[in-house]
Every structure is written in structure tokens, then in C-alpha cells.
Amino acid sequence: MDIMIETGRLRIVPFEMKYLEDYYLGFDEEITKYQYPDPFESMSAAKEVLQGFIHCMEQEEMVFLSILTLNGDFIGGVEVHGLGEQYPELGIWVKKPAQQKGYAYEALAGVLEFVDEHYHKDWYVYEADIRNAGSMKLVEKFEYKKESLDEFVTETGKSLALQKFLIQRK
């Protein structure tokens, strides 16, 4: 399936390996501080994981997209995992220099519209650490239901307090 989502300021397209270095460098310790995944240990590790996502997208198990400015600058990524599930799971991140500009909302709203139209989903799982103010504010821009809070320590020793939400686009 060809995907090209254009919003007012963004072009959201399937991830391609030409963005590997941008993804690897942007998905750093600060970005992942309140996320389950950790930064990639190496460029080759990033390539392996991202190639797996590309394969899952080809199988229509997920949507794996790059967030670009209209002039083509890579500013982040967005995924919708579990397209065959009742409630697919959303993941989004925006590089630090592009944060606090409304790009995450703009990208996520565009992706939700696309997935709603093509996969007929009503609600999506979105998890945000309660200490991540930006992610918590992002949820509030959508219709949402607050679900469970899961506090735990990851295999790598990161303490997380993930608030689970069900969200839908307005």
C-alpha cells in the first residue's frame, strides 16, 4: 500500500533506510528516557530492528512511517503496531530540536485519519510515562479514555510509570 500523508507542515511516508542514520542519531537517550525501548547500541542494531519493522509493514501487520518536514528533513517516526488487533498500539517520537512545535500532534492526527480510513479502527492504545509532560499533553488533544497505570523496571534498569490510554481522533 502506498502511503503519503500530507498535513499542513509535514509529509509522512513509509520509513526507508536512507533515514537510518537520522533515526539512529535522533532516537537517543533523552528521547527514550521515558519509553520502553532504549537507544540502539549500534547503527547495525538499528538497521536490524528497523528492517524488521519494514518487513512487518510489508505484511500489513503495522504501519512504520517517517515524519518529514515539507522540505524533506527527517524529524521523527510514528508506528501503528498490531493492525489486526482490536486496538492497535501507537508509538511516536520527534527529535529534540523539533519538539514543542505541534509536530507530534499533527503527525499523529494525520496517521490516525489514514488508519481509520484504511483499516477501520476506532480506538488505539497509547502509553505515556506520567513524567513525560509532552506525551501527556499530546493525549489530551484527542478523545481518550484513561486505562491502567503500569509501574515497572525494564530489563536494562529503566524505571517507568506507563499510563495506558485508549485514544481516537476527534
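The values are calculated or read from the model by the stated rules, or taken from the named source; none is laboratory data. Please read these numbers as outputs of a predicted model, since none were measured by experiment. Using ideal geometry, Cβ is built from the backbone for each residue, glycine included, and neighbour counts are taken over all protein chains shown.
How many residues does the stretch 26-53 hold that are in a helix (DSSP H, G or I), touching a helix residue (DSSP H, G or I) at 6+ places or on another chain (Cβ under 9 Å) and surrounded by 14 or more Cβ atoms within 10 Å (Cβ to Cβ)? Adding up the residues that qualify gives 4. Just one residue in the set Asp22, Asp2 is surrounded by fewer than 17 Cβ atoms within 10 Å (Cβ to Cβ) and either out of contact with any Leu (no Cβ under 8 Å at 6 or more places or on another chain) or in a loop (DSSP other than H, G, I, E, B) (or both); that residue is Asp2.
For the residues Asp116, Asp122, the requirement of being surrounded by 13 or more Cβ atoms within 10 Å (Cβ to Cβ), of a type in the set (Asp, Glu) and outside any strand (DSSP E or B) singles out Asp116.
When the residues of the stretch 142-170 are narrowed to those that are more than 22 Å from Gln86 (Cα to Cα) and not hydroxyl-bearing (Ser, Thr, Tyr), which ends up surrounded by the most Cβ atoms within 10 Å (Cβ to Cβ)? Within the stretch 142-170, the match that is surrounded by the most Cβ atoms within 10 Å (Cβ to Cβ) is Leu160.
Which members of the stretch 10-19 meet the condition of being surrounded by fewer than 13 Cβ atoms within 10 Å (Cβ to Cβ) and either of a type in the set (Lys, Arg) or in contact with a Gly (Cβ under 6 Å, 6 or more places away or on another chain) (or both)?
Correct list: Lys18 only.
Of the residues in the stretch 139-147, at least one is part of a strand (DSSP E or B), without any contact (Cβ under 8 Å) to a residue 60 or more places away in the chain and within 18 Å of the chain's Cα centre (by Cα).
The lone criterion from (1) surrounded by 14 or more Cβ atoms within 10 Å (Cβ to Cβ); (2) under 24 Å from Lys164 (Cα atoms) left unmet by Lys96 is number (1). Could you please let me know if Ala128 is part of a helix (DSSP H, G or I), at pLDDT 95 or above, of a type in the set (A, V, I, L, M) and surrounded by 20 or more Cβ atoms within 10 Å (Cβ to Cβ)? Answer is no for this residue.
Considering Leu70, Leu50, Leu65, the condition of being under 22 Å from Trp123 (Cα atoms), at pLDDT 95 or above and of a type in the set (A, V, I, L, M) is satisfied by Leu65 alone.
Note on the stretch 54-65: residues that are under 22 Å from Glu6 (Cβ atoms) and either assigned to a helix (DSSP H, G or I) or in contact with a Gly (Cβ under 6 Å, 6 or more places away or on another chain) (or both) amount to 2.
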